[in-house]
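Working notes, structure below.
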Amino acid sequence: MFEFRVDGTVGAARAGTLTLPHGQVQTPAFMPVGTHAVVRGLSAADVRRTGAQIILGNTYHLHLRPGEEVIEKLGGLHRFTTWDRPMLTDSGGFQVFSLQGLRRIQEHGVEFQSHIDGTLRTLSPERTVEIQWKLGADIAMAFDHVVPGQSSVELACEGMERTLRWLDRCKARHQELADGNQATQALWPIIQGGVHDELRMRSLEGTLERGPWTGVAVGGLSVGEPKPVMHRILERLHPALPANIPRYLMGVGFPADLLEGIARGIDLFDCVAATRNGRHGTAWLPTGRLNVRSAALRDSAAPLDPTCDCETCTTYPRGYLRHLFVVEDILGLRLISIHNIRFLVRLGEQARSHILAGTFDGWSRDWLHCHYGRGDH
């Protein structure tokens, strides 16, 4: 049930088909984030209408509320959310990383204070695998040690080597839980190493030695390092990554970042920015960002994005969308979030089409020039 087929390439860019227990995912693809088992403000039907093929759940947050036992009792994450397509759960590594001052990282795992009630909790490689097994997503991520984007080589090396040691423990526990039923859930490893090329290559080598894997993720990017550094690391990793499994760039999902990643061999992306920007009234367009609150839109009858086929753009004029934010009605937040998700999903669809047609390089170059060149408007 875990297969990946490369359907076409242009340079490093790939179009593929990933088969999972709950369906197929045509790549490149953007994965909306459902942190608390919900893509903020949207129903599962809303998200399906955006064309999203796979969504994420957050292990850290779901462990705290409502608890993995509750979700397991209610039939697993798919039934709990009514999402019947593929799902992926992260390990909680990034969330623990972000709890500066509230956590202590040791070899056995991470002790942290719940940001909800202050209770002391522990996440270990084994524990995160057990939680994700109960959640029941198609793909579970290994527990990793994330370091800040500009970390020294010493700190990045410590995180990278610990991630590999934790990967051994994640794999062993996942195999114990699967016990001959590997078709239920796949475990994917995460490459670390900060901004240091040699550490990244060592991480990749160590990760592949522990395989085989049905997919691999690149973590610890988009956490403060300059964009060109991220691009350089992806370019360095690309020729050494197995061609027959999907590559997932974690936590990256602004429009231009998708195309830059696709051009460097990435297949899957996720980010909370689509809905977070939507809730704050920022819509993504081919020509840059649009502030939906702008007074200039007060009497505009134009669609938000005339090139977009989402519910928001095919139904409501800009003037009405601005009005919703002025009167602080939650419908506005929902509609711009729907558009932003559809914008990224459609960008993946367009990239795939151009890869298969052999026209990706010229199209992506023109798209990025338009997006970067016009800016906010």
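Axis of helix 227-237 versus longest Cα principal axis of the chain: the two differ by about 50°, to the nearest ten degrees.
Estimated from helical segments only, the mean residue ellipticity of the chain at 222 nm is -13000 deg cm²/dmol, where each DSSP H run of four or more residues counts as -39500 (n - 2.57).
Among residues other than residue 23 whose Cβ falls under 9 Å from its Cβ, what is the net charge (Lys/Arg +1, Asp/Glu -1)?
Details: positive: 85; negative: 84, 138.
Computed value for this residue: -1.
Taking Cα atoms only, the orientation of helix 330-357 departs from the longest principal axis of the chain by about 80 degrees. Of the two radii for the chain, the radius of gyration is 0.96 times the Kirkwood radius, both from the alpha carbons; that is the Rg over Rh value. Cα centroid separation, the range 346-369 to the range 175-193: 33 Å. For the range 154-245, carbon and sulfur atoms together expose 52% of the accessible surface, with a 1.4 angstrom probe and every protein chain in place.
Taking Cβ separations below 4.7 Å as the criterion for a possible disulfide partner, the isolated cysteines in the chain are 157, 170, 271, 310, 370. The charge dipole of the chain, taken about its Cα centre with unit charges on the Cβ of Lys, Arg, Asp and Glu (plus for the first two, minus for the last two), comes to roughly 720 debye. A dipole drawn for the range 287-377 from +1 and -1 charges on Cβ atoms has a positive end, and of 303, 372, 359 the residue lying farthest that way is 372.
Please state, rounded to one decimal and in Å, the Kirkwood hydrodynamic radius that the range 217-347 gives when every pair of distinct Cα atoms enters the mean of 1/r.
Numbers: mean 1/r = 0.0628 Å⁻¹.
So the Kirkwood estimate lands at 15.9 Å.
Rg over Rh for the range 314-377 works out to 1.12, both radii taken from alpha-carbon positions and Rh defined as the Kirkwood radius.
What full-extension length gain, to one decimal in nm, is calculated for residue 48 and residue 5 as 0.36 nm per residue of separation minus the Cα-Cα distance?
Working: separation 43, 0.36 × 43 = 15.48 nm, distance 2.35 nm.
Length gained, residue 48 through residue 5: 13.1 nm.
Can you tell me the orientation of helix 360-374 relative to the chain, as the angle in degrees between its alpha-carbon axis and the longest Cα principal axis, to the nearest 10? Roughly 60 degrees, rounded to the nearest 10. The portion of the accessible surface of the range 263-377 made up by carbon and sulfur, rounded to a whole percent, is 52 (1.4 Å probe; DNA, RNA and ligands excluded).
Distant-in-sequence amide contacts of residue 14, defined by a placed amide H-H separation under 5 Å and a gap of 5 or more residues or a different chain, comprise 265. With θ taken as phi - 60° and the Karplus curve 6.51 cos²θ - 1.76 cosθ + 1.60 applied, the whole-hertz 3J(HN,Hα) list for the range 30-38 is 9, 10, x, 9, x, 3, 9, 6, 7 Hz, x standing for glycine and proline. The C-alpha radius of gyration of the range 206-282, expressed as a fraction of 2.2 N^0.38 Å, stands at 1.18.
Straight-line reach from residue 73: which aspartates and glutamates fall under 18 Å, measuring Cα to Cα and dropping same-chain residues less than 8 apart? Residue 73 reaches 84, 130, 138. Rounded to whole Hz and in sequence order, give me ³J(HN,Hα) for the range 213-220 from the Karplus expression 6.51 cos²θ - 1.76 cosθ + 1.60, θ = phi - 60°, writing x for Gly and Pro. So the J values, rounded to whole Hz, are 10, 9, x, 9, 10, 10, x, x. Which translational diffusion coefficient, to the nearest whole µm²/s, is obtained for the range 47-164 from the Stokes-Einstein equation, given a Kirkwood hydrodynamic radius over C-alpha pairs, 4 °C and 1.567 mPa s? Diffusion coefficient, whole number: 85 µm²/s.
The values are calculated or read from the model by the stated rules, or taken from the named source; none is laboratory data. These figures come from a predicted structure and were not determined experimentally. Glycine gets a Cβ as well: all are built from the backbone with ideal geometry, and neighbour counts include every protein chain shown. Surface accessibility is based on the protein's heavy atoms, side chains included, excluding ligands, DNA and RNA. Shrake-Rupley method; radii C 1.70, N 1.55, O 1.52, S 1.80 Å.
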